[in-house]
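These notes concern the structure reproduced below.
The values are calculated or read from the model by the stated rules, or taken from the named source; none is laboratory data. What you see is a predicted model; the values in this text were computed from it and never measured. When we count neighbours, we look across all protein chains shown, and the Cβ atoms used for this are built from the backbone with ideal geometry, even at glycine.
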Amino acid sequence: MAYTVAITNQKGGVGKTTTAVNLAAALAIAERRTLLVDADPQGNTTSGVGIAKVELQLSLYDALVEDHPVQDIILSVPGLPYLSLLPATQDLVGAELQLVERPFRESALRRVLEPIEGNYDYIIVDCPPSLGLLTLNVLAAVQALIIPIQCEYYGLEGISQLLNTVRLVQQNINPGLAIGGVLLTMYDSRLNLCRQVAEDATEYFGPKVFGTPIPRNVRLAEAPSFGKPILLYDMQSVGAKSYLAVGQELLRRVEGEHATGMPAGNGTADHGRSAESSSVDADASDAGQGAGSAPPPVVQTAEARTEQSAETVAEEPAVATETTATEETIPADTPEPGMVEAEQSQTAREQLGSAGGPQPATSDAPPPAEATDDHESARASRPSPDPLPEVTT
Ligand code: ATP
Ligand code: MG
């Protein structure tokens, strides 16, 4: 039976579709029979693998609402023999409205997928940016969810609402639903704020956070306009290598430590969060520099300005001792001898006013000594956007 996983976050533009398409492609390249389900009326997953939405006669809508046999709707994906697509078009907006009036409205997708689960090893479902009936249907149908979190201020906002929804689904519809992983997206370790979001996420979700964050990478942004997953568009890009590494990690989580199958070259992506490779996009157009070049001046300046605060983050023991996986996923940057002053007992998070994550807001915390950028200033001056509930899965 297939391992079914939803890529979910009701926040828009955090990398759900990019993750669904490229993770599915990575699994297909590892010769796992993979079905990619587009459950978003935007249909970005559908076009992202090269299927023209305007030419589609049938889509997920027809299976959900018209009870059309799903086998007739599934398409093969060009260039990836192990990957199939259950496409979506704008019609799916109507499905959300029409399902409302039906009994068992939240289990319509489960009924669609059940008969074909045996045909695949993995089913990856891309969700819309909402917690409406379509997302509810997805959460009712899958075994696990992967939550992409964009590494920016507000990145963790809304996660508590998502987790509350997950809890309701567990209690009422799908008791087996688990959090299969948390994926940091658009990560740039040159930015202190980005590292802080990563730390907050890791502190909260622990080893569920994938060891490879997805860096901001222009190739990943370009690939959909060519209707190709990154692995077909630019296999050598850091984005491709990162998604291969995440795919390999998912295989290990699902199939065990000895899961194999990713092509040679996997593992060359950064598995930690070193500034050398995970953050700096090798594509010249991202940073205005070639691979291995110094970061662009604006970032360099920001980095230099916050060097001390960044080092303080690395020193914070609460994060570094979370779990083994945590230690693997966020290697503490080795501070230069003497860089961290002994009297700097106050952690960076305290300096930042504890914005984001499960920490209680410390309204009396002083502002940061220096801010990396506007986002960072905003983070410092605002209260915690969203206290997180306990993780139960
Ligand atoms: P929505 O909520 O609208 O469905 P989403 O969560 O599916 O959005 P994506 O469509 O995957 O998000 O990504 C939003 C935009 O960011 C897209 O233009 C995509 O190409 C770009 N993008 C996603 N990930 C990256 C990345 N790692 N580097 C650069 N650009 C990225
Ligand atoms: Mg999307």
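Brief remarks follow.
- Any hit, the range 66-77, residues being touching a residue at least 24 places away in the same chain (Cβ under 8 Å), away from ligand 2 (no atom under 16 Å from the Cβ), part of a helix (DSSP H, G or I) and within 23 Å of Asn119 (Cβ to Cβ): yes
- Test: Val169 is within 16 Å of ligand 1 (Cβ to nearest atom), out of contact with any Ser or Thr (no Cβ under 8 Å at 6 or more places or on another chain) and part of a helix (DSSP H, G or I): no
- Within the range 4-19, one or more residues are among the basic types (Lys, Arg), in a loop (DSSP other than H, G, I, E, B) and within 16 Å of ligand 2 (Cβ to nearest atom).
- Residues that are of a type in the set (D, E, K, R) and in contact (Cβ under 8 Å) with a residue 12 or more places away in the chain, drawn from the range 33-61: Arg33, Asp38, Asp40, Lys53
- Only a single criterion out of (1) in contact (Cβ under 8 Å) with a residue 60 or more places away in the chain; (2) in a loop (DSSP other than H, G, I, E, B) is not satisfied by Gln236, namely (1).
- Annotation: of all residues in the range 25-42 being within 13 Å of ligand 2 (Cβ to nearest atom) and buried (at least 24 other Cβ atoms within 10 Å of the Cβ), the one that is farthest from Leu133 (Cα to Cα) is Leu36.
- Hits in the range 112-136 (condition: away from ligand 1 (no atom under 16 Å from the Cβ) and within 20 Å of the chain's Cα centre (by Cα)): Tyr122, Ile123, Leu136
- Residue in the range 175-193 that is part of a helix (DSSP H, G or I), at pLDDT 95 or above and buried (at least 19 other Cβ atoms within 10 Å of the Cβ) present: no
- A count restricted to the range 13-46 and to residues that are near ligand 1 (Cβ under 7 Å from one of its atoms) and more than 12 Å from the chain's Cα centre (by Cα) stands at 3.
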